[in-house]
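Structure first, then comments.
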């Protein structure tokens, strides 16, 4: 008998081979749930917690032609693109969410959260849960991958972008390139000043396909125990 990691790898490879014949990805075999927590620097203040309305999985390799076109257009380097394709990455897109606050729970809306200019947020944390499709009432389990974006890391990118006039919005990534923020640039005009504001309008997580079944202990209810319902 082989070790558990070896058996798990063999099982995953067999499943991948079957999915390739059906032109499906491994990510299509899962249901996902995602939560977004804006953690404040003031530890007395509870995190602003949101549940993503729908997690949309997309295989990066499905967009190979678009990625290579981006290389030709000099949008990014060939080296970084090849690395992305070789990782067999799953993109998990989250464009809509609902607040977990007691007074507004159940109100789904397009993502619209001011990130800049403000200095009260310590970091953004995404909590990802999954389960096999068709597993009935089985609980979602936490994917054991850390998705965090610290204020200091995105502040630098905002300061660089605020002087640029060529684009309405921007995409920024955390140092580990596991989390991407899609930002909308807006200009607020007052009688005396004109201010630039960046609002978060979508989040995308990058997860190597072989980590889809890296589940940790516990289940989705653990998230509520840790963060609790939002009071306001």
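The values are calculated or read from the model by the stated rules, or taken from the named source; none is laboratory data. This structure is a prediction, so every number in the text was calculated from the model and none was measured. Note that we place each Cβ from the backbone using ideal geometry, even for glycine, and neighbour counts take in every protein chain shown.
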Q) Restricting attention to segment 126-146, and to residues there that are in a strand (DSSP E or B) and out of contact with any helix residue (DSSP H, G or I) (no Cβ under 8 Å at 6 or more places or on another chain), which single residue is nearest to residue 178 (Cα to Cα)? A) 126
Q: Could you list all residues from segment 88-117 that are modelled with pLDDT under 90, assigned to a loop (DSSP other than H, G, I, E, B) and surrounded by fewer than 19 Cβ atoms within 10 Å (Cβ to Cβ)?
A: 88, 102, 103, 104, 105, 106, 107, 112, 117
Q. For segment 1-56, how many residues are farther than 20 Å from residue 209 by Cα and modelled with pLDDT under 85?
A. 3
Q) So which residues in segment 163-187 are surrounded by 18 or more Cβ atoms within 10 Å (Cβ to Cβ) and outside any strand (DSSP E or B)? A) 174, 178
Q: Would you please name the residue that is modelled with the highest pLDDT, looking only at residues in segment 188-221 that are in a helix (DSSP H, G or I) and more than 20 Å from residue 54 (Cα to Cα)?
A: 211
